[in-house]
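Working notes, beginning with the structure itself.
The values are calculated or read from the model by the stated rules, or taken from the named source; none is laboratory data. This one's a predicted model, so the numbers in the text were calculated from it and none came from an experiment. Backbone-built Cβ (ideal geometry, glycine too); neighbour counts: all protein chains shown. Calculation scope for accessible area: heavy atoms of the full protein, side chains included, ligands and nucleic acids excluded. Shrake-Rupley method; radii C 1.70, N 1.55, O 1.52, S 1.80 Å.
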Amino acid sequence: RRPQPEHAVEVSDGHRGPPRLARCCTPVPADEVTGFAVRGGTVAVHRADCPVAAGMAGAGRRAVAVTWRSPSSGCRVTLRAEALGRPRLLADLTDALADEGAAVVHAEVEPPRQHRVRHTYTLDLPDATGLPRLMRVMRGVPGVYDVSRALPVAAGRG
């Protein structure tokens with residue numbers, strides 16, 4: 001069984017509360033992160049560039065120092081691929097994901113609009129340091145013109 005992603009984060013500043021990865025920005029190892037104490041003493045871990053984290057800081061909330069225990073631990077991430085619709089696009093994208101060792105947890109394909117289609121995948125990666133390569137490989141699939149991080153879409157994650 002894969003360790004929970006929260007175990008990859010270390011909280012400093014004397015806080016004893018457990019870390020929880022924020023769903024608004026889905027931080028993964030290697031992202032620059034910051035934390036904020038929330039209800040129950042939990043420390044919500046956000047990407048440093050997260051608008052929600054910026055809002056908390058702007059409201060005067062004190063940031064808590066957090067770091068990744070290892071930049072090479074596994075993670076869950078949601079990616080959005082924008083592409084020109086064509087036959088076999090779904091098969092080619094899922095083949096590319098599988099070739100890179102990504103396990104698809106959830107997939108959503110929106111109906112084409114003006115020959116453009118959006119695929120959103122929530123993935124378990126064995127090593128977060130492979131995320132930039134995975135995104136490049138997805139962009140290399142014929143018809144795909146953009147791949148970006150997105151908000152998670154899968155329900156019921158722990």
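Quick look at the numbers
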quantity: Qualifying residue in the stretch 84-96 (condition: open to solvent by less than 60 Å² (accessible area, probe 1.4 Å) and either more than 22 Å from S148 (Cα to Cα) or in a strand (DSSP E or B) (or both)); calculated: no
quantity: Options V117, V137, V104; residue that is in a strand (DSSP E or B) and either charged (D, E, K, R) or more than 15 Å from C75 (Cα to Cα) (or both); calculated: V117
quantity: Those strands (runs of 3 or more DSSP E) lying entirely in the stretch 8-67 with at least 1 residues farther than 24 Å from S148 by Cβ and open to solvent by 10 Å² or more (accessible area, probe 1.4 Å); calculated: 9-11, 19-21, 33-37
quantity: From the options V77, V104, residue that is surrounded by fewer than 17 Cβ atoms within 10 Å (Cβ to Cβ) and either of a type outside the set (D, E, K, R) or in contact with a Pro (Cβ under 6 Å, 6 or more places away or on another chain) (or both); calculated: V104
quantity: In the stretch 53-64, the residues that are in contact (Cβ under 8 Å) with a residue 24 or more places away in the chain and in contact with a strand residue (DSSP E or B) (Cβ under 7 Å, 6 or more places away or on another chain); calculated: A53, R61, A63, V64
quantity: Among (1) more than 17 Å from L21 (Cα to Cα); (2) in contact with a His (Cβ under 7 Å, 6 or more places away or on another chain); (3) open to solvent by 40 Å² or more (accessible area, probe 1.4 Å) - the single one H115 does not satisfy; calculated: (2)
quantity: Pair list, Cβ under 6 Å, 6 or more apart: the stretch 22-33 residue more than 14 Å from A44 (Cα to Cα), other residue basic (K, R); calculated: D31/R47
quantity: All positions within the stretch 68-80 that are over 17 Å from M135 (Cβ atoms) and either in a strand (DSSP E or B) or modelled with pLDDT of 95 or more (or both); calculated: W68
quantity: For A44: the one exception among (1) over 14 Å from R69 (Cβ atoms); (2) at pLDDT below 90; calculated: (2)
quantity: Which numbered condition T129 fails, given (1) of a type in the set (S, T, Y); (2) modelled with pLDDT of 90 or more; (3) under 24 Å from C24 (Cβ atoms); (4) open to solvent by 50 Å² or more (accessible area, probe 1.4 Å); calculated: (2)
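Quick grid of which residues meet (1) in contact (Cβ under 8 Å) with a residue 60 or more places away in the chain; (2) among the acidic types (D, E):
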| residue | (1), (2) |
| --- | --- |
| A48 | no, no |
| G74 | yes, no |
| D99 | no, yes |
| V104 | no, no |
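Results for (1) of a type in the set (V, I, T); (2) under 21 Å from the mean Cα position of the chain (by Cα); (3) closer than 30 Å to V141 by Cβ; (4) at pLDDT 90 or above, shown as yes or no for each residue.
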| site | (1), (2), (3), (4) |
| --- | --- |
| R2 | no, yes, yes, no |
| P5 | no, yes, yes, no |
| V11 | yes, yes, no, no |
| C24 | no, yes, yes, no |
| F36 | no, yes, no, yes |
| E82 | no, yes, yes, yes |
| G85 | no, no, yes, yes |
| D95 | no, yes, yes, yes |
| V105 | yes, yes, yes, yes |
